[in-house]
Amino acid sequence: MQRLKKILQQRNTIVIKIGTALLADKVNGIHTERLAAIAKNVAHMRMLGKNVAIVTSGAIGAGVAALHLNERPKTIPEKQATAAIGQPLLMEAYETAFRTQHQVVAQILLTKDDFTNRGRYVNAKNTFASLFDHGVVPIINENDTVAVEEIKLGDNDNLSAMVATLIEANLLLILSDIDGLYTDDPAYNPDAVLIPVVEKLTPQIERLAKKSKSEMSTGGMVTKIQAAKLCIDAGIVMIIANGKNPETIKTIFEGNFRGTVFIPGSKKISVRKQWIGLFSHPAGAIVIDDGAANALLKQQKSLLASGITAVRGEFKTQEIISVFTMSGKEIGKGISAYSAAEISMIKGKKSSEIEKLLGCKAPAEVIHRNNLVMGEE
Ligand code: GLU
């Protein structure tokens, strides 16, 4: 909790995720009063020197209200059309709420590809940095209108955790219509108790995240726990709290609130390793012998050519590859210093032989430790 206190007091970067249940309903559309109160609280945090990014849901919800539909659409084209109608309405409501607070906002719509493609990831990161330099509050949603099933994230809990890692946030605050994680579903069990702090995501905690869903929202507690997993891996503190009361943001920063705090361990991995471990897609794979697997898993060594027994797929230098043991277990991922064709030539060879084989100066490591993420990292 000391860590949380420090984060709350420092000038740093935070992501706030606001769920559909707080923002829109099918009868009244967007809840502009609640948004106005949230904007006021966020503007206050900006005054305290924090960079704030908001991940918002509610595009489909606002579209449902605008079209006077009775329920959320089910098919992909209908959902996409509804989001296309609702997103500008949502953004208009944010712009109005923040203009009243003399705060400029920007719209950023992201898809999964913006995270898995290294070039787009770095580009998005630079855009956020530039917006923060200008003192702007980015308002982010998934680009629902173009995100077809294969490139869809599907829920904004996961999106908010991915944005938090992208912008190296210190804290992700998920505002929902529930107080936090309970020992059971409070809608059915009156004895359910709120869990204030989670320091480890045990299977028991994951079981608690039963599918508690409201009619208009997407994820419930399951996706919030997935988001917590991402945050814990990336060393980011995450809080789930009830955003129905707009003062919640204020009470959190006063250090006195009701909610569930997920505290990551103190082990911090580099931002590049985070990207490799969390988002990258391997272009190919290599198989290594037991000696090399032991050196990677137990001795924190780099991967040398001598331990490689096979190469799979066609990949180029600097692409991401998976590392498999001889028994077929994937134990890590990393950036390959060599192409697949080159590894076919040097596999099983000693480092001193590599230069001769390739006819040029060449690094001894096929995957350097700094570019390698093992399963347990
Ligand atoms: N992107 C969706 C929307 O704006 C929300 C997804 C979610 O609720 O998690 O409606």
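How big is the convex hull of the Cα atoms of segment 217-367, per residue, in Å³?
For segment 217-367, the hull spanned by Cα atoms encloses 155 Å³ per residue.
Would you pull out the residues with amide H under 5 Å of Leu181's amide H, same chain only if 5 or more places away, H placed 1.01 Å from N?
Ile195, Thr260
If each residue of separation counts as 0.36 nm, what is the full-extension length gain between Glu353 and Ser270 once their alpha-carbon separation is subtracted?
Gain on stretching Glu353 to Ser270: 26.7 nm.
How large is the Rg to Rh ratio of segment 293-377 when both quantities use alpha carbon positions and Rh follows Kirkwood?
Computed over Cα atoms, the ratio is 0.93.
What ranking, highest mean first, results for peptides 126-138, 159-171, 93-105 when packing means the other Cβ atoms within 10 Å averaged over each residue?
Packing order, densest peptide first, comes out as 159-171, 93-105, 126-138.
Once you have all Cα-Cα distances for the chain, histogram them in 10 Å bins from zero and send the whole-percent values.
5, 22, 28, 22, 14, 7, 2, 0
Applying a 10 Å radius around every beta-carbon, put 345-354, 14-23, 220-229, 280-289 in order of their mean neighbour count, most first.
Top of the packing list down: 14-23, 220-229, 280-289, 345-354.
When the convex hull of the C-alpha atoms of segment 161-209 is computed, what volume per residue in Å³ does it have?
Spread over its residues, the Cα hull of segment 161-209 gives 102 Å³ apiece.
With angles folded into 0 to 90 degrees, how steeply does helix 220-234 sit against the dominant principal axis of the chain? Use alpha carbons for both and round to 10.
With rounding to tens, the tilt is 50 degrees.
For each pair in Lys74/Lys229; Lys26/Lys74; Lys244/Lys273; Lys26/Lys200; Lys26/Lys125; Lys26/Lys112, compute the distance between the two Cα atoms and list the pairs where it is over 26 Å.
Lys74/Lys229; Lys244/Lys273; Lys26/Lys200; Lys26/Lys125; Lys26/Lys112
Calculate one ³J(HN,Hα) per residue across segment 187-200 by plugging θ = phi - 60° into the Karplus curve 6.51 cos²θ - 1.76 cosθ + 1.60, and present them in order as whole Hz with x for glycine and proline.
For segment 187-200, the Karplus-derived couplings read 5, 10, 10, x, 8, 4, 10, 6, 9, x, 9, 10, 9, 8 Hz, x marking Gly and Pro.
Expressed as a whole number of Å, what is the distance separating the alpha-carbon centroids of segment 98-176 and segment 323-339?
If you average the Cα positions of each part, the centres end up 31 Å apart.
With Cβ to Cβ distances under 14 Å as the rule, what net charge do the other residues near Asn51 carry (K, R +1; D, E -1)?
Overall, the nearby charge balance is +2.
Using only Cα atoms and rounding to the nearest 10 degrees, what angle (0 to 90) does helix 156-166 make with the longest principal axis of the chain?
Relative to the chain, helix 156-166 is tipped by roughly 50 degrees.
Sort 300-307, 44-51 by the packing proxy (mean of other Cβ within 10 Å over each peptide's residues), most packed first.
300-307, 44-51
With angles folded into 0 to 90 degrees, how steeply does helix 32-47 sit against the dominant principal axis of the chain? Use alpha carbons for both and round to 10.
For 32-47 against the chain, the angle is about 60 degrees.
Coordinate-derived values only; no laboratory data. Since the structure is predicted, the reported quantities are computational estimates derived from the model, not experimental observations. Virtual Cβ from ideal backbone geometry, glycine too; neighbours counted across all protein chains shown.
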